[in-house]
């Protein structure tokens, strides 16, 4: 029915066109849900992640920059971020609808797409092995964009404790990912 480009549908979504929004979701729902399911591994949680990803796409549609990647790459990077946030927060915790977008995802080629699944498994495992207080501090700082002072206020600890937890979590993640064949110094955790 909608033979328009992904960019045009996203522009319609940003402009508040309900028909464009419905067509946009219809076009991307299988890919978004499929990625969420691959990362989360549980259908009900994957549905929640997919819904949240579409909310964030709608909320940030006007910020899309085609020079940084295609619409599908942008949408899937948002989904991946929401899924990783879900894993970091742990089961049963609601996702923060004000979560941030990925800092830089330019798309990469087929080789990057092929290794993404392995990266997700390594990241999930590394996050699972963090102490809960460090995992929470890291998720608030990295996935929700809070400062150390805001993290401290949110979890009820002094700012220096929040900074220490964030740093410790980052060091543990870096070390775990490097040991398991992660991307090392130049990669993102």
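The values are calculated or read from the model by the stated rules, or taken from the named source; none is laboratory data. Since we're looking at a predicted model, the values are computed, not measured. With ideal geometry, Cβ positions are generated from the backbone for all residues, glycine too; neighbour counts draw on all protein chains shown.
Numerical summary
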| item | result |
| --- | --- |
| Of all residues making up region 143-166, the number that are surrounded by 15 or more Cβ atoms within 10 Å (Cβ to Cβ), modelled with pLDDT under 85 and either assigned to a loop (DSSP other than H, G, I, E, B) or out of contact with any helix residue (DSSP H, G or I) (no Cβ under 8 Å at 6 or more places or on another chain) (or both) | 2 |
| Options 8, 53, 20: the member that is within 25 Å of residue 123 (Cα to Cα), assigned by TED's automatic domain parsing to the domain that holds residue 86 and assigned to a helix (DSSP H, G or I) | 53 |
| Checking residue 27 against (1) surrounded by fewer than 16 Cβ atoms within 10 Å (Cβ to Cβ); (2) in contact with a helix residue (DSSP H, G or I) (Cβ under 7 Å, 6 or more places away or on another chain); (3) at pLDDT 90 or above, the condition it does not meet | (1) |
| Residue 103 being closer than 22 Å to residue 173 by Cα, modelled with pLDDT under 90 and outside any helix (DSSP H, G or I) | yes |
| Sole exception among (1) over 18 Å from residue 124 (Cα atoms); (2) buried (at least 22 other Cβ atoms within 10 Å of the Cβ) for residue 46, by number | (1) |
| Residue within region 63-78 that is outside the structural domain of residue 173 (by TED's automatic domain parsing), more than 12 Å from the chain's Cα centre (by Cα), closer than 29 Å to residue 153 by Cβ and at pLDDT 80 or above present | yes |
